[in-house]
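This report concerns only the one structure given below.
The values are calculated or read from the model by the stated rules, or taken from the named source; none is laboratory data. Note that the structure is predicted; figures quoted are calculated from it, not measured. Don't worry about glycine lacking a Cβ; one is built from the backbone with ideal geometry, like all the others, and counts go over all protein chains shown. Please note that ligands, DNA and RNA were not included when accessible areas were found on the heavy atoms of the full protein model with its side chains. Shrake-Rupley method; radii C 1.70, N 1.55, O 1.52, S 1.80 Å.
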Amino acid sequence: MANTFFVTGTDTEVGKTFVTRALMQAAIESGRKVLGYKPVASGCELQNGELKNSDALTLQACSSIALPYAMHNPYAFAPAIAPHIAAAQANESIKVAHLSEGLARLKATAADVIFVEGAGGWRLPINDRQYLSDWVKTEHLPVILVVGARLGCINHALLTLEAIRHDGLVVAGWVLNQIDPTMSQYQANVDTLKQRIKTPFLGEIPWLAEQANDSVHNFIDIAPLLK
């Protein structure tokens, strides 16, 4: 059975896909077969008659096993808005059972590791009653937190960790992603985060030029996840 991790962020636009790709590449470099799963995505575009999301396409491209797009992203919506609102506009309902069925199909492959990328932050509504975090609880997935280094990240990181632990889930590790190259007192913020987050630190990704993105996995320490 594949080791499966859920990747969440302190907010939207903190680099969850960027970090998930780095985690996948690091696991592949360690000799594992890896799959990426994006259960819910909005902001999708029609390609060959099928709505596809750029983040999910990234996870599909990085996966070790060739699978149809829909297996990586079962719920895809066109508007770049909150998924539960996009689903309502499309007269659809995001069902937890369908998310679990999709993950089960990935687990039935030869994959050693599966990285599941969330959407938005930890408390993402998926319908009138449930959050995506409710599904993560149902699946008992260990969580990896992506902290986007910008003003306010300490508060966002500590509150998110508190919510994850309150939900009874294990925080498998965290990654710091520098998303604001001009952040004031960057190192002081990093030091504070490292002091206060008592969970494995998987890596610090600096602000990178586009051409360096293919080597971003070199900043990730995958060992704590794959003991």
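If R0 is 35 Å, what FRET efficiency do you get for Ala163 and Ala70 from their C-beta distance, rounded to 0.05? Show your work: numbers first, answer last.
Details: r = 30 Å, r/R0 = 0.86.
With a Förster radius of 35 Å, E is 0.70.
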(request) Over 29 Å between C-alpha atoms is what I'm after, so list which of Lys52/Lys227; Lys52/Lys107; Lys95/Lys198; Lys38/Lys227; Lys16/Lys107; Lys194/Lys227 land there. (result) Lys52/Lys227; Lys95/Lys198
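Return the percentage of antiparallel bridges among DSSP beta bridges fully within the chain, rounded to the nearest 5 %.
If I count the DSSP bridges inside the chain, around 15 percent turn out antiparallel.
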(request) Report, to the nearest 10°, how far helix 153-166 tilts away from the longest principal axis of the Cα atoms in the chain, using its own Cα long axis and a range of 0 to 90°. (result) 60
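Could you give the C-alpha radius of gyration of the chain expressed as a fraction of 2.2 N^0.38 Å, taking N as the number of residues it contains? Walk me through the numbers before you get to the answer.
Values: Rg = 16.7 Å, N = 227, 2.2 N^0.38 = 17.3 Å.
That ratio works out to 0.97.
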(request) In a Gaussian network model over the chain where Cα atoms closer than 10 Å are linked, find which of Ala149, Ala88, Ala56 has the largest mean-square fluctuation. (result) Ala88
(request) Choose one answer from Asn177, Asn155, Asn73: the residue with the largest mean-square fluctuation in a GNM of the chain with alpha-carbon springs under 10 Å. (result) Asn155
(request) Using Cα centres only, tell me the gap between the range 121-191 and the range 1-47 in whole Å. (result) 15
(request) Tell me what the chain gives for mean residue ellipticity at 222 nm when only DSSP H runs of n ≥ 4 count, each as -39,500 (n - 2.57), the sum divided by the residue total, rounded to 500 deg cm²/dmol. (result) -10000 deg cm²/dmol
(request) Name the residue, out of Glu117, Glu92, Glu204, whose mean-square fluctuation peaks in a Gaussian network model built on the chain with Cα pairs under 10 Å. (result) Glu92
(message) Over the chain, with the other protein chains present, what is the accessible area per residue in square angstrom, probe 1.4 angstrom?
(response) 46
(request) Quick one: what are the phi-derived ³J(HN,Hα) couplings along the range 9-23, Karplus 6.51/-1.76/1.60 with θ = phi - 60°, whole Hz, x for glycine and proline? (result) x, 6, 5, 7, 6, 10, x, 4, 5, 4, 6, 4, 4, 5, 4
(request) Could you work out, for the range 134-214, what percent of all Cα-Cα pairs fall into each 5 Å distance bin, beginning at 0 Å and stopping at the bin that holds the largest distance? (result) 3, 14, 25, 21, 16, 12, 7, 2
(request) For Ser215 paired with Ser30, estimate the spin-label separation in nm (one decimal), with each label point 7 Å from Cα along the Cα-to-Cβ line. (result) 2.2
(request) State, to one decimal in nm, how far the label point of Ala78 lies from the label point of Arg123, with both points 7 Å from Cα in the Cβ direction. (result) 3.2
